[in-house]
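Please treat every number below as a calculation from the coordinates, not as lab data. Bear in mind that the values here come from a model prediction, so they are computed numbers and not experimental data. When we count neighbours, we look across all protein chains shown, and the Cβ atoms used for this are built from the backbone with ideal geometry, even at glycine.
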Amino acid sequence: MAMQKLQVGMVLIVAVTVIVVSVLASTLLMASQRIPNSGDVKAVGVCVYWDSGCTNNVTSIDWAFIEPGKNTNVTVYIANKGTLPLKLNMTTEDWNPASASSKIFLTWNRENYVLNAGSVVQTVLTLSASSDISGIATFSFDILITGTEYA
C-alpha cells in the first residue's frame, strides 16, 4: 500500500512538473511580439495592382502581424500606362508612431528600375522589424511609389 502511494505521488509530481515546464515554454515562445499594421499606397506616375492583369488596384496593404527579426513579403504589380519609360522609386512617410521608422523597414526589388511604357512588372515589397523592437504595439505608414520620366 505504501508503495502504491509512493508511485501515485511520483506520477503527480511528474505531471505537475510537465505542466509547469509547458507553461514556462509557452511563455518563452510568446516573448516575440506580433505587431499589426496597415499602410496606404500612393502611386505617382504609375499604377499599382494586386494582379498581373492590372484589374485590382492596391490602395492599402494589410501586413497582418510582423514579428521581430522576421520579414513579410507582399507581391504587387506596377504598371506604366504612359508613353515614356519611367524610373521607379519608393519611399515611406507619415509613420505613426514616428519612432517605428527606426525599427521597421520597408524595402523592395525595384528601386531605380526602368519600367518601359505600357509595361507591367512584378514587384516584391518586404517589411521587416528589428529583432530588438519594443514599445510599439501598432503602427502605420504610407508607401509612396513614384515613376519619373527616364530619358
Neighbour-count order for Asp62, Asp94, fewest beta carbons within 10 angstrom listed first: Asp62, Asp94
In region 35-149, lysine pairs closer than 24 Å at Cα, eight or more apart or cross-chain: 4
Virtual spin-label span in nm between Trp50 and Asn112, 7 Å along Cα→Cβ: 3.3
